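The values are calculated or read from the model by the stated rules, or taken from the named source; none is laboratory data. All values derive from a computational prediction rather than experimental measurement. Here the Cβ is made from the backbone with ideal geometry for all residues, glycine too, and neighbour counts use every protein chain on show. Quick note on the areas: whole protein, heavy atoms, side chains included, nothing else; ligands and nucleic acids left out. Shrake-Rupley method; radii C 1.70, N 1.55, O 1.52, S 1.80 Å.
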Amino acid sequence: MIRLETQRLVIRNWEDRDRDLFFRINSDEEVMRFFPFRRSRAEADAFLDTLRAGNEERGYGFTALEVKESGAAIGFAGLYPSGPIPPRPEGATEIGWRLAPEFQGKGYVTEASEAWLRFGFETLGLDEIVSFAVHDNHASVAVMRRLGMRHEEGCDFDHPKVPDTHPALKRHVFYTLARDDWRKRQAAA
Ligand SMILES: CC(C)(COP(=O)(O)OP(=O)(O)OC[C@H]1O[C@@H](n2cnc3c(N)ncnc32)[C@H](O)[C@@H]1OP(=O)(O)O)[C@@H](O)C(=O)NCCC(=O)NCCS
C-alpha cells in the first residue's frame, strides 16, 4: 500500500486504531447527510476491513488521512474504481473524500486530493479522474472546483444505487479532470 505525505498529512492504509473514527464518519448524521444509509459499528468495521484489503492489493484506494502534528486520523480521501456509472458505463477512477466534522474547513481534503491526483496521473498514468456528488452537496463540489475539475455538461445523472425512497439524493453532478488539463494547471502554478 502506497504511503503519501503532504505538508500537514500522512496518507496511509487503515489501522485498527482508526475504527472509532471510521465508525463515526459512517454513522454521523451530518457527515452522512448525502448518503441513503448509516453504518452500524459492525458494518463500519467490516467496511474498514474491505477497504484495507483492497488498498493493500491495489496499492491505493480510499485511505486514512492522519494529521502529522497530532497523529489523529481525521477521515479519508483517495482514488477508487467507480464501477459502471451512467456517464462512464465502462467504469472510471473516481476521487472521493469524507471528514469528521471537527476537521472540516481546514483545507485537509484539498491538500490530500492534490497528492492523490499527482499519484493518479503520474504514477498510475491515468488519462482521467472523475468525481460525483449529490447535486446539493456544495462542500464536496467546492473541493472538485478547487482541484480544477470541470463540470461535464450533460453528464449529471440519477445514481442507480440510490433508492427511490430518497429522491433528494438521486441527482448527482459529474466532474472530470483530464491528465493534460491537470498538467497545464501544474505548469501554470
Ligand atoms: C466534502 C468535505 C470532505 C469537504 O471538506 P472541507 O473541509 O470543506 O474541504 P477542504 O479540506 O478542501 O477545506 C476547504 C475549506 O477549508 C478552508 N481552509 C482553512 N484553512 C485552509 C488551508 N490552510 N488551506 C486550504 N483551505 C483552508 C477553506 O477556506 C475552505 O473553507 P470554505 O469552504 O468555508 O471556503 C466535507 O464537507 C465532508 O466530509 N462532507 C461529508 C461527507 C461527504 O459528503 N463527502 C463527499 C461525498 S461525494
Selection from the stretch 126-145 of residues more than 6 Å from the ligand (Cβ to nearest atom) and of a type in the set (A, V, I, L, M) yields 126, 129, 130, 134, 141, 144
Per the list (1) within 14 Å of the ligand (Cβ to nearest atom); (2) of a type in the set (A, V, I, L, M, F, W, C); (3) open to solvent by 20 Å² or more (accessible area, probe 1.4 Å), residue check on residue 77 breaks on (3)
Test result for residue 71, farther than 17 Å from residue 180 by Cβ and more than 16 Å from the ligand (Cβ to nearest atom):
yes
>> Tell me whether the stretch 1-22 contains one or more residues that are over 22 Å from residue 121 (Cα atoms), open to solvent by 10 Å² or more (accessible area, probe 1.4 Å), over 15 Å from the mean Cα position of the chain (by Cα) and of a type in the set (Ser, Thr, Tyr).
In response: no
Exercise. Do the conditions hold for residue 122, that is, is it among the acidic types (Asp, Glu) and within 15 Å of the ligand (Cβ to nearest atom)?
Worked result: no
Notebook entry, point to check: If you go through the stretch 89-102 one residue at a time, do you hit one that is touching an Asp or Glu at 6+ places or on another chain (Cβ under 7 Å), within 13 Å of the ligand (Cβ to nearest atom), outside any strand (DSSP E or B) and touching a residue at least 40 places away in the same chain (Cβ under 8 Å)?
Noted result: yes
Sole miss for residue 133 among (1) without any contact (Cβ under 8 Å) to a residue 24 or more places away in the chain; (2) among the small types (Gly, Ala, Ser); (3) in contact with a His (Cβ under 8 Å, 6 or more places away or on another chain) is condition (1)
The number of residues in the stretch 170-185 that are open to solvent by 20 Å² or more (accessible area, probe 1.4 Å), in contact (Cβ under 8 Å) with a residue 40 or more places away in the chain and under 25 Å from residue 139 (Cβ atoms) is 1
Going through the stretch 60-72 in order, the residues found to be at pLDDT 95 or above, open to solvent by 20 Å² or more (accessible area, probe 1.4 Å) and touching a Phe, Trp or Tyr at 6+ places or on another chain (Cβ under 9 Å) are 60, 62
Subset of the stretch 146-169, residues open to solvent by 30 Å² or more (accessible area, probe 1.4 Å), touching a residue at least 24 places away in the same chain (Cβ under 8 Å) and in a helix (DSSP H, G or I), comes to 146, 168
Residue hits (the stretch 119-144; among the aliphatic types (A, V, I, L, M) and part of a helix (DSSP H, G or I)) are 139, 141, 142, 143, 144
Flagged in the stretch 103-119 as within 8 Å of the ligand (Cβ to nearest atom) and surrounded by fewer than 21 Cβ atoms within 10 Å (Cβ to Cβ), in numbering order, are 103, 104, 105, 106, 107, 108, 110, 111
